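K.L.:
Below you'll find the structure I mean.
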Amino acid sequence: MILSTHAVVGGAIACLFPSHPVLVAVAAFASHFAMDAIPHWDYPLRAITSKSRGNNHRLLADQKIFRDLALIGCDACAGLLIAIWLFATPATIGVIVLGALAGMMPDPLQILHRLVPKQPLTTLQRFHRWAHTKRRLSWPLGISSQALFAASVSWVVLTVG
Ligand SMILES: [Zn+2]
């Protein structure tokens with residue numbers, strides 16, 4: 001799923017356990033894999049997911065990478081701001097940010113694994129790929145279902161919690 005969705009759900013988890021930051025970090029990190037298992041749409045990353053000649057999976061050092069990084073950065077910042085706006089109080093803003101960042105973290109770790117393909121990142125990458133759905137939705141359905149999912153989780157947490 002896109003980073004914004006992961007950040008909002010991570011923030012929602014933090015909202016449930018604001019005085020348990022370790023639990024928040026672990027639960028939000030784990031939520032990433034459960035959410036990736038749901039069929040969804042991801043925006044295409046042109047440089048980061050493409051392969052260079054010789055089937056080398058390393059990052060391509062061309063201008064496409066800046067477009068990808070800008071897209072990822074905007075997505076992450078939007079998710080972080082939405083999570084803060086929805087769930088944070090002056091007393092809980094730190095743990096809400098922690099939950100949002102932990103929820104997004106597995107995706108930047110994938111990029112890190114491309115740069116440094118070593119353990120424990122290799123095992124994490126293998127698990128991430130295994131957990132990720134193989135079913136890709138078209139973007140209108142795939143993005144609206146993510147928005148609905150994040151809104152539903154937020155509504156439940158804000159209502160119950
Ligand atoms: Zn992911």
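The values are calculated or read from the model by the stated rules, or taken from the named source; none is laboratory data. From a predicted model like this one, the values you see are computed outputs, not experimental measurements. No Cβ is skipped: glycine too gets one built from the backbone with ideal geometry, and neighbour counts run over all protein chains shown. Heavy atoms of the whole protein, side chains included, go into the accessibility calculation; ligands, DNA and RNA do not. Shrake-Rupley method; radii C 1.70, N 1.55, O 1.52, S 1.80 Å.
K.L.:
Per-residue HN-Hα couplings for region 118-128, Karplus 6.51 cos²θ - 1.76 cosθ + 1.60 at θ = phi - 60°, whole Hz, x for Gly and Pro?
P.N.:
Using θ = phi - 60°, the values come out as 10, 6, x, 5, 5, 5, 4, 5, 5, 5, 4 Hz.
K.L.:
Taking +1 at the Cβ of each Lys and Arg and -1 at the Cβ of each Asp and Glu, which of 86, 146, 21 sits farthest along the dipole of the chain towards its positive end, judged by Cα position relative to the Cα centre?
P.N.:
Of 86, 146, 21, it is 146.
K.L.:
Another one. Quick one: Karplus J couplings for region 144-157, per residue in order, coefficients 6.51, -1.76, 1.60, θ = phi - 60°, nearest Hz, x for Gly and Pro?
P.N.:
Karplus values, whole Hz, x for Gly and Pro: 5, 5, 5, 4, 5, 4, 5, 5, 5, 4, 4, 4, 4, 5.
K.L.:
Something else now. Put 82, 65 in order of accessible area, largest first, 1.4 Å probe: what do you get? Please list the in-between numbers first.
P.N.:
Working: 82 70, 65 25 Å².
Of 82, 65, the descending order of accessible area is 82, 65.
K.L.:
Moving to a separate point now. Take the Cα pairs of region 3-155, get the Kirkwood Rh, then feed it into Stokes-Einstein at 20 °C and 1.002 mPa s and tell me D in µm²/s. All intermediate terms of the calculation are to be shown ahead of the outcome.
P.N.:
On the way: Rh = 16.1 Å.
Roughly 133 µm²/s, to the nearest whole number.
K.L.:
Rounded to the nearest 20 Debye, what is the dipole magnitude of the chain about its Cα centre when Lys and Arg each give +1 and Asp and Glu each give -1 at the C-beta?
P.N.:
Details: 13 positive and 6 negative charges, 155 e Å.
That gives the chain a dipole magnitude of about 740 debye.
K.L.:
To continue, here is another question. Starting from the amide H of residue 40, placed 1.01 Å from N in the peptide plane, find each other amide H under 5 Å away whose residue is 5 or more places distant or on another chain.
P.N.:
137
K.L.:
Another question about this same structure. So for 118, 64, what's the accessible-area order with a 1.4 Å probe, most first? All intermediate terms of the calculation are to be shown ahead of the outcome.
P.N.:
Working: 118 130, 64 95 Å².
Largest accessible area first, the list is 118, 64.
K.L.:
Running a GNM on the chain with Cα contacts under 10 Å, which residue among 131, 78, 70 ends up with the highest mean-square fluctuation?
P.N.:
70
K.L.:
Let me ask another. Output ³J(HN,Hα) for region 105-117: one whole-Hz value per residue in order, computed from phi by the Karplus curve 6.51 cos²θ - 1.76 cosθ + 1.60 with θ = phi - 60°, and x for Gly and Pro.
P.N.:
Once rounded to whole Hz, the list reads 3, x, 6, x, 5, 5, 5, 4, 5, 5, 7, 10, x.
K.L.:
Another question about this same structure. Pop a pseudo-label 7 angstrom from the Cα along the beta-carbon direction at both residue 144 and residue 93 and give the gap in nm to one decimal.
P.N.:
Distance between the two pseudo-spin positions: 3.6 nm.
K.L.:
Residue 151 to residue 119: FRET efficiency via 1/(1 + (r/R0)^6), r the Cβ-Cβ distance, R0 30 Å, to the nearest 0.05?
P.N.:
Numbers: r = 38 Å, r/R0 = 1.26.
Plugging the Cβ-Cβ distance into 1/(1 + (r/R0)^6) gives 0.20.
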